[in-house]
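Enquirer: The following block contains the structure, expressed as structure tokens.
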Amino acid sequence: MNKLIWVVVYLCFSTVVFSCSKKDKDEEVTPVTPPPVVQTKTLKEKAAFPIGAAVTVAHLKDANFSNVFKAHHNQLTAEYEMKMKNLWASETQFTFSNADYLVDYATQNSMRVHGHTLLWYSSVPDWLKNANYDSTTFENHIKNFITTVVSRYKGKIASWDVANEIFADNGTLRDDATVTKIFKDPIRFYGRCFKYAREADPAVKLFYNDYDMVLNSTKRYYVKKMVERFKAEGYPIDGLGEQCHTTVWTNHTTFGTGLNDLASTGLLIHISELDMRVNQNKSDAYVYTDAEQQKQSDKYKSVAQIFEALPQAQKFAITIWGVSDKSTWLTGWWHPKEYPLLFDNSYNKKKAYEGFLAGLK
């Protein structure tokens, strides 16, 4: 009897052990489905508005530059090759080869082109500046220039900075501008220039472009007064371009307040020349540490978020003033140790890129 009991106990124990062992084994071999891989979007894929960059013909002939530019951007701005000095060699001679190259490149790569810029005090050709024309003759030449250039690219260039930086930091008109020395009412002259551009291409979007409008409330006030006057007197204007050559030490609450105030005009808003300095003291000993890169990344994210908070219908584009730190203008104008863009010297994405991407909706 005792023997039978022990056999029954043994069989029950063996069954339990085998069952547990089998369960453990089954659990070990059950395949686990990995989470789906989320593909990171590029800037142009994520944004609901164009993401541009400033380029030159020489840049685009560099395969590395071109490949990165095409992969992440869908709007092109000429860094300087569409400015008056570069297009207008003499009273009767225009040089369009570089501008044509840029427009053709954009067309071939399904990019929108933003024209920069028809009128800028720093790009008046010497032959025109030294001609001592009276106001009527000067304006006739300017009208011819605007009509010739805008008509040439009608349907190919979507928007133009008609006028650039006509206000000084204190809100007055620049006294070093050729225009202010010739015309008693420069604002009305600029209004007529917007009209000439509209007549040359009725579909093109027309912008006024300047720096520090969002941070400098005095300059912004006078820009807004110009917009009000244009509207009252029937001169066309579609948008405002804030250059946004900003810094990691910029107060972004002030930036947001200013950008929203600019948008109160009801016009399209273009962050038109975005870069971000990090070397505040122009120090030769500056080191672009991980902490400095993260600080820059956070600020790029903030710029994108502030822009995204604008009404959707007013968000025209964000244009980065360059692609790679390798060719930024700031290493010459500001300091050689400056790293203001989204890609490093080898065209690798920086933390700044990831921050900016994260700030887009």
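The values are calculated or read from the model by the stated rules, or taken from the named source; none is laboratory data. All of these numbers come straight from a predicted model, not from anything done at the bench. Counting neighbours? That spans all protein chains shown, and the Cβs are built from the backbone with ideal geometry, glycine included.
Enquirer: What strands (runs of 3 or more DSSP E) lie completely within segment 44-91 and have 3 or more residues being in contact (Cβ under 8 Å) with a residue 40 or more places away in the chain and not hydroxyl-bearing (Ser, Thr, Tyr)?
Expert: Qualifying strands (runs of 3 or more DSSP E): 51-55.
Enquirer: Go over the candidates LEU119, LEU102 one by one and state the one that is within 30 Å of ILE51 (Cβ to Cβ), modelled with pLDDT of 95 or more, touching a strand residue (DSSP E or B) at 6+ places or on another chain (Cβ under 6 Å) and outside any helix (DSSP H, G or I).
Expert: Going through LEU119, LEU102 in turn, just one is within 30 Å of ILE51 (Cβ to Cβ), modelled with pLDDT of 95 or more, touching a strand residue (DSSP E or B) at 6+ places or on another chain (Cβ under 6 Å) and outside any helix (DSSP H, G or I): LEU119.
Condition check ((1) under 29 Å from PHE230 (Cα atoms); (2) more than 18 Å from the chain's Cα centre (by Cα); (3) of a type in the set (A, V, I, L, M)) across all residues:
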site	(1), (2), (3)
SER272	yes, no, no
ASP275	no, no, no
VAL287	no, yes, yes
GLN294	no, yes, no
SER297	no, no, no
ILE306	yes, no, yes
LEU310	yes, no, yes
THR319	yes, no, no
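Enquirer: Six or more apart or on different chains, Cβ under 6 Å: which pairs go from a residue in segment 114-140 that's in contact (Cβ under 8 Å) with a residue 12 or more places away in the chain to one that's of a type in the set (Asp, Glu) and in a loop (DSSP other than H, G, I, E, B)? Could you list them?
Expert: none
Enquirer: Output the residue which, of all residues in segment 201-236 that are part of a loop (DSSP other than H, G, I, E, B) and in contact with a Ser or Thr (Cβ under 9 Å, 6 or more places away or on another chain), is farthest from LYS143 (Cα to Cα).
Expert: LEU215
Enquirer: Okay, moving on. So which residues in segment 105-114 are part of a helix (DSSP H, G or I) and surrounded by 19 or more Cβ atoms within 10 Å (Cβ to Cβ)?
Expert: TYR105, ALA106 - these are the residues of segment 105-114 that are part of a helix (DSSP H, G or I) and surrounded by 19 or more Cβ atoms within 10 Å (Cβ to Cβ).
Enquirer: Right, something else. If a residue must be farther than 26 Å from GLU79 by Cα and buried (at least 20 other Cβ atoms within 10 Å of the Cβ), how many such residues does segment 288-325 contain?
Expert: Qualifying residue count, segment 288-325: 0.
Enquirer: Continuing with the same structure: Taking interchain pairs and intrachain pairs at least six residues apart, which have beta carbon atoms under 8 angstrom, with the first residue in segment 250-274 and modelled with pLDDT under 95 and the second surrounded by fewer than 21 Cβ atoms within 10 Å (Cβ to Cβ)?
Expert: HIS252/SER302; HIS252/ILE306
Enquirer: Out of the helices (runs of 4 or more DSSP H) lying entirely within segment 286-359, which hold 3 or more residues that are of a type in the set (S, T, N, Q)?
Expert: 290-308
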